[in-house]
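I have placed the structure first, in the form of structure tokens, so that the comments after it can refer back to it.
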Amino acid sequence: MKVYRDQDAHLEVLQGKRIAVIGYGNQGRAQALNLRDSGLDVIIGNREDEYRERASDDGFEVLPIAVAATQAEIVMLLIPDEVMSDVLRDQIVPSLSEGDALVFASGYTLAFGQVTVPDYVDIVLLAPRMIGAGVRDKYVAGTGFPSFTAVHQDRSGQARSLVLALAKGIGSTRFGVVEVSFAQEAELDLFTEQCFGPAFGQVLTTSVDLLVELGYPPEAVLLELYMSGELSYTMAKIAEMGLVEQSQLHSTTSQYGSMTRGMRFILPELRQRMQHGLDDIRSGRFAEEWAAEQTAGCPTLEMLRESARSLPLYRLEQQLRHALRGEPIPEELLEATEAPPAAPTDEAKVASEEALRSRPAAPAAPRGMLSRFLASLRGLLAPAPAAAPSGALSRRQLEHVLQRFCALASQDPALQAFSHGRRFTSHYVLGDAGLDFYMRFADGAVESALGVPVPAAEVRLETTSDVLDGMLSGRLNAMRAAMSGRLQFKGEAKVAMSQQQVQADLVRVYSQARGEVVGTDA
Ligand code: NDP
């Protein structure tokens, strides 16, 4: 195990060399300031805009990108990966001379073949494991931060000592620097973003959903799980002491409970899913998909952002933040949340009563802002009324509704418009009712029918009759159903998400079919 520290790196390697920091954003500003404070000769390359002004205000000489690259021996690429290829090809490579060094802060573009680099310069990586603000703050505080380095091309024979010297200049060897390859840096980074982070997020959201459904106060649930800051404090301790050692900071009840019950969460499927995610990354499939998404103007990303903001959890978090600061809650956060919560299911009631029995008596109903806040929170995350007894459909009714829905959907102009330029099938499986139906979108046509599609569908959605009825009646949020495990999805995520664009049309068509078959009150 090798960790490079201050004594392994020498700033003298950089004497007489000018460093051009290209881009003055998150990383650019922090690294440029640190390098200058380390006594190095730094200029900035940036377009005419506010970042350029900021660099000037900070006392740097700011030049057009190509000019800065010409004047420097070391060129640090601190611009977004999305624009790297064009900027490198058009403005930087033509300005490079034999023996110069190109420094990337992320392995992504090189690892996935998105940039072409010349063979007459050093190509190295200096990738902080820290956001830009932290890069500066920790330099100023004198504690440093970790980085990954890599040497892709050692033209000068000095590439390793050069990148270590730069790591020292930005303050990273004070903490510790680890050498990897460009590909390893990119893959680890993406793994954290696509596997570790989302899996952890699911653990949080599933916990919130379960506990609120069982009747625990939402504000207490959010504080207990993460909004108190205890979790981030524990994570900081894990970073400092290690996962095993930090357990000593917790009570013996906590240690015994988490170690004995922890075994229940050893899930082989979790590992398989992570492996699958990593395969997507390493094969380059993700990079290809993301490049195509950017070319198309990021429609899926926009839709996903919108969906995330429509989650009850989003409003709940914003409300709690206002309440914790003692501020009134803005009207838009309260909108449509004050309807009385739906009756809990029997199962939820029993569990909730069980939980309440073991708690001290509830205080008198709170008043004013807080009471409004609590009422709206309960409304927001109350069990969805998908299974309301008055609206429940028998299997036979559901079959007829779906038959009519499929017929209407196949003729619906809005769904046909959505189908233009698309070719995929969604297969819905209602395990409890033993019913299947599908919707095939094929270049402007929509084919929808009961039964299993042939050939097999690109997207498979498994749920129960109640959840499907709730979703297609517009009473249940599909994202929330997916988050709580009541809707399970297999197949191409991007394709499945695209169907969210016509969610309102699906609700309209289904409501019509449902109204025709069982009447609007059913
Ligand atoms: P930013 O988004 O903060 O970069 C903004 C800078 O890039 C600005 O100076 C901006 O200037 C310039 N820029 C944007 N588009 C263009 C363009 N088309 N042509 C020329 N200049 C452009 O990036 P980050 O600092 O977040 O990331 C920089 C690199 O660091 C990336 O490789 C990233 O992967 C890596 N990295 C980032 C980390 C982070 O925490 N953010 C952590 C570790 C590595 P303008 O105003 O003219 O657009």
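If you go through the range 480-509 one residue at a time, how many are within 18 Å of R423 (Cα to Cα) and among the charged types (D, E, K, R)?
The total comes to 3.
Which ranges mark the helices (runs of 4 or more DSSP H) fully within the range 211-262 that have 3 or more residues being more than 25 Å from Y314 (Cα to Cα), open to solvent by 50 Å² or more (accessible area, probe 1.4 Å) and touching a Lys or Arg at 6+ places or on another chain (Cβ under 8 Å)?
In the range 211-262, no matching helices (runs of 4 or more DSSP H) lie anywhere.
Considering only residues that are within 12 Å of the ligand (Cβ to nearest atom), open to solvent by 10 Å² or more (accessible area, probe 1.4 Å) and out of contact with any strand residue (DSSP E or B) (no Cβ under 8 Å at 6 or more places or on another chain), which ones fall in the range 112-133?
Q114, V115, I131, A133
For residues that are in contact with an Asp or Glu (Cβ under 9 Å, 6 or more places away or on another chain) and among the acidic types (D, E), scanning just the range 45-103, find the one that is least open to solvent (accessible area, probe 1.4 Å).
D100
Rundown of residues vs (1) closer than 19 Å to V13 by Cβ; (2) small (G, A, S); (3) within 27 Å of the chain's Cα centre (by Cα), yes/no style:
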position	(1), (2), (3)
V93	no, no, no
T116	no, no, no
L125	yes, no, yes
S156	yes, yes, no
S161	yes, yes, no
L164	yes, no, no
V178	no, no, yes
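Can you name the residue in the range 13-33 that is assigned to a loop (DSSP other than H, G, I, E, B) and open to solvent by 10 Å² or more (accessible area, probe 1.4 Å) and is also nearest to the ligand (Cβ to nearest atom) among such residues?
G25
Conditions (1) out of contact with any strand residue (DSSP E or B) (no Cβ under 6 Å at 6 or more places or on another chain); (2) aliphatic (A, V, I, L, M); (3) over 18 Å from I19 (Cβ atoms), marked per residue:
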| position | (1), (2), (3) |
| --- | --- |
| P146 | no, no, yes |
| A150 | no, yes, yes |
| R160 | no, no, no |
| L164 | no, yes, no |
| A167 | no, yes, no |
| F175 | no, no, yes |
| S181 | no, no, yes |
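Which number in (1) more than 14 Å from the ligand (Cβ to nearest atom); (2) more than 17 Å from A165 (Cα to Cα); (3) at pLDDT 95 or above marks the one condition that N46 misses?
In the conditions (1) more than 14 Å from the ligand (Cβ to nearest atom); (2) more than 17 Å from A165 (Cα to Cα); (3) at pLDDT 95 or above, N46 misses (1) alone.
So which residues in the range 86-101 are away from the ligand (no atom under 12 Å from the Cβ) and either of a type in the set (A, V, I, L, M, F, W, C) or touching a His at 6+ places or on another chain (Cβ under 6 Å) (or both), if there are any at all?
Once the filter is applied, which keeps residues that are away from the ligand (no atom under 12 Å from the Cβ) and either of a type in the set (A, V, I, L, M, F, W, C) or touching a His at 6+ places or on another chain (Cβ under 6 Å) (or both), the range 86-101 yields V93, L96, A101.
Tally the residues that are within 9 Å of the ligand (Cβ to nearest atom) and in a loop (DSSP other than H, G, I, E, B), restricting the search to the range 53-85.
Count: 3.
The values are calculated or read from the model by the stated rules, or taken from the named source; none is laboratory data. Nothing here was measured: the structure is a model prediction, and the numbers come from that model. Positions of Cβ are backbone-derived with ideal geometry, glycine not excepted, and every protein chain shown enters the neighbour counts. SASA here: full protein model, heavy atoms, side chains in, ligands and nucleic acids out. Shrake-Rupley method; radii C 1.70, N 1.55, O 1.52, S 1.80 Å.
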